[in-house]
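Student: Here you go, one structure.
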Amino acid sequence: QLTDTQVLTIVVIGGSLGRNDSIGTATALGNGTFAASISPSGDPNTLVDPDEDYYRITTAAASTVTVDIDARANGSPLDSVIEIVNLSGTRLATCDVPPFTGVFTSSCVHDDEDTANGLQDSLLRVKTSGATTFYVHVVDFRGDARPDLKYNIVISGVN
């Protein structure tokens with residue numbers, strides 16, 4: 001009798017995160033992988049009224065939090081852009097942009113994680129000096145967010 005052993009990883013993705021189109025309705029997240037989608041917020045959707053998602057991240061201590069949008073790797077047409085902001089919507093300046101190239105690469109906004117390999121996902125690392133709350137703002141680069149552009153948001157490093 002022959003036997004074989006293999007290590008597997010199972011990722012459990014919860015249900016719908018609900019509508020979170022503003023900082024006031026931001027979905028609270030901690031460490032983990034969460035399924036989400038951007039859908040039209042207008043009827044019909046227009047460039048002046050695209051859908052956007054907000055997530056609230058709260059740390060209890062100094063942290064380096066990684067925020068990764070995984071859409072293209074899963075076959076979604078979403079071309080994500082992420083921005084890290086405070087409660088008033090002002091972009092923070094405490095992020096590391098990964099060593100990838102993209103259209104937007106400044107302190108706390110990022111697009112196109114790895115264009116050389118055709119991945120138009122986004123990734124940022126946010127540095128906090130202590131207990132803090134910040135918001136992850138996710139939009140579609142094209143601004144049209146056709147119905148059900150699915151993505152995973154992967155959060156790690158929250159202390």
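Student: At a Förster distance of 35 Å, what's the computed FRET efficiency of N31 paired with T5, Cβ-Cβ distance as r, to 0.05?
Tutor: E between N31 and T5, to the nearest 0.05, is 0.80.
Student: To continue, here is another question. Once fully extended, how much extra length lies between D148 and T133, figured as 0.36 nm per residue of separation less the alpha-carbon to alpha-carbon distance?
Tutor: Value of the extension gain: 2.6 nm.
Rule-based calculations on the coordinates, nothing more; no lab input. Just so we're clear, the structure is a prediction, and the values are computed from it rather than from any experiment. Every residue, glycine among them, receives a Cβ derived from its backbone with ideal geometry; neighbour counts consider all protein chains shown.
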